[in-house]
Amino acid sequence: MAQMKRTVIAVSAMVALTACAPAGYGPDSGAAEPVAVAAAEPTVTADPEASAEPGASASPGAEAEIDVPLPDGAELTESLTGKEFPRMGSAVVNQDGFILYRFDRDTNDPPSSNCEDECAEVWPPALTDGDPALKGVSDDAVGTITREDGTRQITLDGWPLYTYIGDKKPGAWKGQGVGGTWFVVNPDGSKNLECLPKGTPKAVAPPSKSESSDSDSDY
């Protein structure tokens, strides 16, 4: 499987409650245990000389490791787990139980992220520097992209993955349907269209603006 770099969740501002969010936003309230899938192969460092050969090709996310510092406050995404939630159905969570999302303005063929700067403050990319542990998620669907800052972001079926700072507790999905472009991701990388909120909620404000503005973000 492809090499990768990880991230975390930066907690900040609040967003409107979705219509069918679970009470208390607990991660394990009625949730089924994920089905175990074979863990990823140990990370193998690419040969810089071999990768530099003209015409050399690599699978998505398989380019040589680059030692790029993580953004301030960021942590690595250590695992991806497919789970079932009441009313929501299937979703993918990280090692802390926070739900992961995909963005309609990204692309999966080729995989590319269009969430940078303030957008990435609200929707922290799922960064990694190796192979995350997988449960209920096929390693064949997992890959990485290299972001503009050189960090590596995990993809699922080519779609870059993110958390949402409006989710204050593990198992919350307040990012579902935000802006009509953000959706909980299924374990196969497709959009989860269950439990959509009424209307089109806006995202919380970026942390860099939250102290000076109470307005919601367009992201």
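Among the residues of region 175-199, which ones are among the small types (G, A, S) and in contact (Cβ under 8 Å) with a residue 12 or more places away in the chain? G175, G177, G179, G180, G189, S190, listed by residue number. Of the set (1) under 21 Å from L134 (Cβ atoms); (2) modelled with pLDDT of 95 or more; (3) part of a loop (DSSP other than H, G, I, E, B), all apply to V92 but (3). Taken together, the residues in region 175-212 that are part of a helix (DSSP H, G or I) and on the phi > 0 side of the Ramachandran plot amount to 2. Of all the numbered requirements in (1) at pLDDT 95 or above; (2) over 13 Å from S79 (Cα atoms); (3) assigned to a loop (DSSP other than H, G, I, E, B), V137 misses one, and that requirement is (2). Selection of region 95-119 for residues being touching a strand residue (DSSP E or B) at 6+ places or on another chain (Cβ under 8 Å) and open to solvent by 10 Å² or more (accessible area, probe 1.4 Å) yields Q95, R102, D104, N108, P111, S112, S113, N114, E118.
From the list P170, P160, exactly one residue is more than 12 Å from the chain's Cα centre (by Cα), under 18 Å from T77 (Cα atoms) and modelled with pLDDT of 95 or more. Which is it? Before the answer, list the steps.
Details: P160 fails: more than 12 Å from the chain's Cα centre (by Cα).
Selected residue: P170, the only one of P170, P160 that is more than 12 Å from the chain's Cα centre (by Cα), under 18 Å from T77 (Cα atoms) and modelled with pLDDT of 95 or more.
Those residues that are assigned to a loop (DSSP other than H, G, I, E, B) and either under 18 Å from Q95 (Cβ atoms) or without any contact (Cβ under 8 Å) to a residue 40 or more places away in the chain (or both), I need them from region 152-174; list them, please. Lay out the reasoning, then the answer.
First, pick out the residues of region 152-174 that are assigned to a loop (DSSP other than H, G, I, E, B): 157-158, 161, 163-174.
Matches in region 152-174: L161, T163, Y164, I165, D167, K168, K169, P170, G171, A172, W173.
Among the residues of region 125-140, those identified as open to solvent by less than 30 Å² (accessible area, probe 1.4 Å) and either of a type in the set (S, T, Y) or touching a strand residue (DSSP E or B) at 6+ places or on another chain (Cβ under 6 Å) (or both) are P125, A126, L127, T128, P132, L134, G136, V137.
The single condition among (1) open to solvent by less than 20 Å² (accessible area, probe 1.4 Å); (2) at pLDDT 95 or above; (3) under 25 Å from D72 (Cα atoms) that G150 does not satisfy is (2). Looking at (1) open to solvent by less than 10 Å² (accessible area, probe 1.4 Å); (2) part of a loop (DSSP other than H, G, I, E, B), which is the only condition G143 fails? In the conditions (1) open to solvent by less than 10 Å² (accessible area, probe 1.4 Å); (2) part of a loop (DSSP other than H, G, I, E, B), G143 misses (2) alone.
The values are calculated or read from the model by the stated rules, or taken from the named source; none is laboratory data. Keep in mind the model is a prediction, meaning the values are calculated, not measured. Note that we place each Cβ from the backbone using ideal geometry, even for glycine, and neighbour counts take in every protein chain shown. Ligands, DNA and RNA are excluded from the accessible area calculation, which covers all protein heavy atoms including side chains. Shrake-Rupley method; radii C 1.70, N 1.55, O 1.52, S 1.80 Å.
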